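Sharing a structure with you now.
The values are calculated or read from the model by the stated rules, or taken from the named source; none is laboratory data. Worth saying up front: this structure is predicted, and the values here are computed from it rather than measured. With ideal geometry, Cβ positions are generated from the backbone for all residues, glycine too; neighbour counts draw on all protein chains shown.
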Amino acid sequence: MRKKIVAGNWKMNLLNAEAIKLFTEITTSLATVKNVEVLAFPPSIYISELSLIESKIGLGAQNFYPKDKGAFTGEISTAQIKNIGVTHVLIGHSERRAYFNEDHSFLKEKVNSALDYSLTPVFCCGEPLEIRESNTEFEYVKNQLIESLFHLNETDIQKCVIAYEPVWAIGTGRTATVEQAEAMHAAIRSWLKEYYNETIAASISILYGGSCNASNAKELFSNPNVDGGLIGGAALDATSFLQIIKSF
């Protein structure tokens, strides 16, 4: 059985006291939640303090630099995030690709570095509007996976989680249908089978990251190839986030 996962990406939001309050509220309510792995990706400056709170929530880093140490002013290394309690890392998020020009080769390096430190990569893939409108979204997403993730061997690929983000449906006023989400998830699983094998394809969790919220989570999660969600804005409210978790 592959894991059911709900991950909250807090992005560049919340002040310290707000982060602690949100994390604590979610933690307190998780006592009744079973069979769902819950992750939080807070701003890195809060991770150390949040790691001191006893919780079932796994802590993830939104970003890191794939070197052990060195003259990289302003960056945080893989070794440093591992040292403060991080278990998961986001890699390839659409905002990192678009705003910070992270290309395929750099994302591949980040994947390798994360695995070197026994961190779980949550590898994000997804197509922008112009790709969706040109009907080349499947080729586009497959290429993202081939270039930055499918170089891994059979052992290492099973240590990864994949998150599909339809970039064209985030903040654009357009909405991806449940059928569109399932179609891409099914395609990703078929590519895992193509590049690895059926057993591996069936074991890897694929999350949906396209404006998943408390009102549509249950329908999305009912699809056979959707194993959970990478949640943005709805993860900043404990009540909403917990409703999503309990959608399973």
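Every residue in the range 146-170 that is surrounded by 19 or more Cβ atoms within 10 Å (Cβ to Cβ) and part of a helix (DSSP H, G or I), please.
Matches in the range 146-170: Ser148, Ile157, Val167, Trp168, Ala169.
Filter the range 56-79 down to the residues that are farther than 21 Å from Val167 by Cβ and crowded, with 17+ Cβ neighbours inside 10 Å and list them by number. Write out each step before concluding.
Here is the first cut: in the range 56-79, the residues farther than 21 Å from Val167 by Cβ are 56-59, 61, 64-79.
Once the filter is applied, which keeps residues that are farther than 21 Å from Val167 by Cβ and crowded, with 17+ Cβ neighbours inside 10 Å, the range 56-79 yields Ile57, Gly58, Leu59, Ala61, Phe64, Tyr65, Pro66, Ile76, Ser77, Thr78.
Given the condition farther than 16 Å from Leu207 by Cα, small (Gly, Ala, Ser) and either in contact with a strand residue (DSSP E or B) (Cβ under 7 Å, 6 or more places away or on another chain) or in a loop (DSSP other than H, G, I, E, B) (or both), answer yes or no: does some residue in the range 132-143 qualify?
For the range 132-143, residues farther than 16 Å from Leu207 by Cα, small (Gly, Ala, Ser) and either in contact with a strand residue (DSSP E or B) (Cβ under 7 Å, 6 or more places away or on another chain) or in a loop (DSSP other than H, G, I, E, B) (or both): present.
A follow-up question, please. So which residues in the range 45-55 are farther than 23 Å from Gln243 by Cβ and either hydrophobic (A, V, I, L, M, F, W, C) or surrounded by fewer than 18 Cβ atoms within 10 Å (Cβ to Cβ) (or both), if there are any at all? Reasoning before the result, please.
To start, the set of residues in the range 45-55 that are farther than 23 Å from Gln243 by Cβ comprises 45-49, 51-52, 54.
Answer for the range 45-55, where residues must be farther than 23 Å from Gln243 by Cβ and either hydrophobic (A, V, I, L, M, F, W, C) or surrounded by fewer than 18 Cβ atoms within 10 Å (Cβ to Cβ) (or both): Ile45, Ile47, Ser48, Glu49, Ser51, Leu52, Glu54.
Residues to consider are Gly229, Gly233; find the one that is touching a Phe, Trp or Tyr at 6+ places or on another chain (Cβ under 9 Å), small (Gly, Ala, Ser) and within 22 Å of Cys124 (Cβ to Cβ). First the steps, then the outcome.
Numbers: Gly233 fails: touching a Phe, Trp or Tyr at 6+ places or on another chain (Cβ under 9 Å).
Only one candidate passes the filter, namely Gly229.
What pairs come up if the first residue lies in the range 132-146 and is of a type in the set (Phe, Trp, Tyr), the second is part of a helix (DSSP H, G or I) and surrounded by 13 or more Cβ atoms within 10 Å (Cβ to Cβ), and their beta carbons are under 8 Å apart, counting only those six or more places apart or on different chains?
Partner pairs satisfying both residue conditions: Phe138/Met184; Phe138/Ala187; Tyr140/Ile131.
Would you point out the residue of the range 93-116, among those that are polar (S, T, N, Q) and in contact (Cβ under 8 Å) with a residue 40 or more places away in the chain, that is surrounded by the most Cβ atoms within 10 Å (Cβ to Cβ)?
Of all residues in the range 93-116, those polar (S, T, N, Q) come to 94, 101, 105, 112-113.
Cutting the leftovers down to in contact (Cβ under 8 Å) with a residue 40 or more places away in the chain gives us 94, 105, 112-113.
Values: Ser94: 17, Ser105: 10, Asn112: 16, Ser113: 21.
Across the range 93-116, the extreme among qualifying residues is Ser113.
Sticking with this structure for a sec: Tally the residues that are under 16 Å from Asn153 (Cβ atoms), within 18 Å of the chain's Cα centre (by Cα) and surrounded by fewer than 17 Cβ atoms within 10 Å (Cβ to Cβ), restricting the search to the range 171-205.
Looking only at that region, the number is 1.
Hey, another quick one. Which residues, counting only those in the range 11-27, are over 14 Å from Asp237 (Cβ atoms), surrounded by fewer than 14 Cβ atoms within 10 Å (Cβ to Cβ) and not small (Gly, Ala, Ser)?
Hits for the range 11-27 are Met12, Leu15, Asn16.
Identify, from the list Thr136, Thr155, Thr172, the residue that is modelled with pLDDT under 95 and β-branched (Val, Ile, Thr).
Details: Thr136 fails: modelled with pLDDT under 95; Thr155 fails: modelled with pLDDT under 95.
Step by step, each of Thr136, Thr155, Thr172 is checked, and only Thr172 is modelled with pLDDT under 95 and β-branched (Val, Ile, Thr).
If only one of Ala17, Ala98, Ala31 is part of a helix (DSSP H, G or I), modelled with pLDDT under 95 and either out of contact with any Lys or Arg (no Cβ under 8 Å at 6 or more places or on another chain) or at positive phi (or both), which one is it?
Working: Ala17 fails: modelled with pLDDT under 95; Ala98 fails: modelled with pLDDT under 95.
After ruling out the rest, the residue left standing is Ala31.
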